[in-house]
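Taking it in order: structure first as structure tokens, then the write-up.
Coordinate-derived values only; no laboratory data. What you see is a predicted model; the values in this text were computed from it and never measured. No Cβ is skipped: glycine too gets one built from the backbone with ideal geometry, and neighbour counts run over all protein chains shown.
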Amino acid sequence: MTTAPVRLPEHLIHPFAPAGRPDPYPAYRWLRANDPVHHDTASGFWLVTGHADCATVLRDPRLSAARGQRERAREDALPPSMLTTDPPDHHRLRAPGALLLGPAAVRSVADGIAADTDALLDRLAAAPGRPDAVADIGRPLATAVFARLFGLPDGELTRFETLARAASANLDPMAPPARAALGRTAATALGRYLDAHTVRLTAQGADVPLAALAADTRLTRPEMLGILNLAVVGGWQPLAEFVGNALHSLLPDRAAVRRLAAADDDLARLAVDELLRLEAPIPFTARVATAPVPLTGGTLPAGARVLAVIAAANRDPDVFEDPDTLRLDRHPNPHLAFGGGPHFCLAAQLVRQAGALLLPRLVRRFPALRGPDGPAAWDLTLVPRRLRAYPVDLCPAGEAR
Ligand code: HEM
């Protein structure tokens with residue numbers, strides 16, 4: 001006997017429909033409660049929305065990231081990377097990746113990122129008008145972080161940013177074919193740029209994390225370039241977009257803004273995790289089931305194309321009290337915004353560090369910082385979840401600068 005496919009009730013908008021972009025959370029809530037392992041006939045994907053089941057999807061070896069990412073059909077032209085391989089090959093690629101993104105690398109760039117953040121805030125204070133949190137804060141922060149990791153000269157930043165933005169189209173598993181093709185072309189151009197840049201860096205004997213990775217003999221050159229490409233495609237835009245998403249959650253809550261302004265490093269890091277939980281820049285990620293996988297909410301059949309819906313898991317009331325509410329000091333906070341299992345974001349510490357350097361400094365410098373009135377303009381792109389723009393008022397009329 002076949003069972004009829006479960007459908008969302010009519011009053012809910014499908015989370016992948018353009019009209020669902022501003023607030024996909026009611027649909028996710030319904031799915032989590034009523035059909036937590038849901039076959040979405042529109043996209044063909046199985047949507048897994050509960051926290052425990054999502055964590056299983058990310059960790060269980062029967063769910064292949066290599067196939068999940070490859071079946072997005074646009075990675076084939078790109079060099080292999082740790083996200084497109086399963087263990088044991090995956091571990092061989094990931095271990096050297098720590099030279100670029102591990103704790104020692106993060107420590108080596110932290111002071112530089114703090115200085116870049118201060119310079120960014122100085123520029124904001126000096127510029128007239130309302131800056132856009134996405135274009136004028138998030139993107140320059142992300143570019144500054146990569147400049148430190150990769151040793152990019154100032155004169156190259158615009159070129160790097162243009163390439164990184166264009167190649168980021170590869171993040172979205174549902175990008176229309178024409179956009180995906182442009183993303184592939186851009187990723188090839190980015191690969192050529194990174195190759196030439198690495199040659200220059202090595203010749204100069206530069207002391208930056210990228211030079212350490214390039215000197216490591218465990219990787220072939222295409223493998224090393226694959227890691228760089230993945231870092232830029234998987235990291236630049238999510239980091240850039242995180243800033244707008246975070247301010248959108250934070251600024252309406254003035255008590256939280258004041259608390260963050262007074263935060264020490266520990267609270268600042270908790271706050272970054274909580275802001276990532278509420279509006280995860282990577283709301284879901286793809287896998288393919290290589291065998292039937294029983295989950296608490298239902299069974300995934302062999303061959304199923306699966307999305308671990310991080311954005312839904314991050315608001316699961318079985319795990320998070322008041323899941324839709326910002327609690328700056330939430331602890332523990334087992335959110336899945338950085339994924340989980342073998343592919344857990346290799347740059348999680350870097351992102352926490354960069355966020356904890358930027359956000360408290362921003363609200364200390366501009367304590368009256370306000371977001372726009374009215375509904376936010378969410379972009380149609382599904383991955384990353386991003387605001388098209390988020391103009392902020394650094395110092396609303398009547399408040400001292
Ligand atoms: C707010 C910013 C970021 C978020 C939310 C984020 C999120 C994620 C997630 C969810 C995954 C797992 C994907 C999967 O399992 O399919 C991942 C993997 C990864 N991320 Fe991030 N990321 C961010 C920034 C970065 C940055 C800045 C970099 C590099 C500089 C980076 C490098 C990586 C790498 C290399 C992997 C693959 C790890 C592996 O396959 O073993 N990420 N990230």
(request) Assuming a ≥ b ≥ c are the square roots of the Cα gyration tensor eigenvalues, decide whether the chain counts as rounded (a/c under 1.5), prolate (otherwise, with a/b larger than b/c) or oblate. (result) oblate
(request) Convert each backbone phi in segment 215-226 into a coupling constant with the Karplus relation 6.51 cos²θ - 1.76 cosθ + 1.60 (shift: θ = phi - 60°), then list the ³J(HN,Hα) values in order as whole Hz, x for Gly and Pro. (result) 7, 6, 8, 6, 10, 6, 4, x, 5, 4, 5, x
(message) Using amide H atoms built in the peptide plane, which far-off residues or other-chain residues are under 5 Å from Trp378 H to H?
(response) Arg388
(request) Report, by chain and number, residues whose modeled amide H sits under 5 Å from the one on Leu300, excluding near sequence neighbours (fewer than 5 apart, same chain). (result) Val293, Leu295
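On full extension of the chain, what length is gained from Ala42 through Ala215, given 0.36 nm per residue of separation minus the C-alpha to C-alpha distance? Intermediate results must be reported in sequence, preceding the final value.
Details: separation 173, 0.36 × 173 = 62.28 nm, distance 4.67 nm.
Extending this stretch completely gives an extra 57.6 nm.
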(message) Check which residues have an amide H placed less than 5 Å from Thr285's amide H, if you skip close sequence neighbours.
(response) Ala308, Ile310
(request) Out of all DSSP beta bridges with both ends in the chain, state the antiparallel percent to the nearest 5. (result) 85
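Which order do Asp393, Asp23 fall in if you start with the one that has the fewest other Cβ atoms within 10 Å?
Details: Asp393 18, Asp23 14.
The order, fewest Cβ neighbours first, is Asp23, Asp393.
What's the local net charge at Cys54, with K and R +1, D and E -1, over the other residues with C-beta under 14 Å away? All intermediate terms of the calculation are to be shown ahead of the outcome.
On the way: positive: Arg32, Arg59, Arg277, Arg287, Arg315; negative: Asp53, Asp60, Asp316, Asp318.
So the surrounding residues net to +1.
If you rank Tyr25, Tyr390 by fewest surrounding Cβ atoms within 10 Å, what's the result?
Details: Tyr25 19, Tyr390 26.
With the sparsest Cβ surroundings first, the list reads Tyr25, Tyr390.
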(request) Whole Å is fine, so just give me how far the alpha carbon centre of segment 143-165 lies from that of segment 243-260. (result) 28
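Rounded if a/c is under 1.5, else prolate if a/b beats b/c, else oblate: with a ≥ b ≥ c from the C-alpha gyration tensor eigenvalues square-rooted, which is segment 177-270? Please report the intermediate quantities before stating the final value.
Values: a/c = 3.60, a/b = 1.70, b/c = 2.11.
Oblate.
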(message) Given R₀ = 22 Å, what would the calculated FRET efficiency be for Arg200 paired with Thr162, taking r from the Cβ atoms and rounding to 0.05?
(response) 0.75
(request) In whole Hz, with x marking every Gly and Pro, tabulate ³J(HN,Hα) for segment 94-104 from phi via Karplus 6.51 cos²θ - 1.76 cosθ + 1.60, θ = phi - 60°. (result) 6, 4, x, x, 5, 5, 8, 10, x, x, 5
(message) Please list, in order along segment 132-142, the HN-Hα scalar couplings obtained from phi with the Karplus expression 6.51 cos²θ - 1.76 cosθ + 1.60 (θ = phi - 60°), rounded to whole Hz, x for Gly and Pro.
(response) 9, 4, 7, 7, 9, 10, x, 5, x, 5, 4
(request) Quick one: grab the alpha carbon gyration tensor of segment 322-401, order the square roots of its eigenvalues as a ≥ b ≥ c, and give me rounded if a/c is under 1.5, else prolate or oblate depending on whether a/b is larger than b/c. (result) prolate
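Relative contact order of the chain: what whole-number percent is it, with Cα pairs under 8 angstrom and at least 6 residues apart? Show your work: numbers first, answer last.
On the way: 650 pairs, mean separation 102.7, N = 401.
It rounds to 26 percent for the chain.
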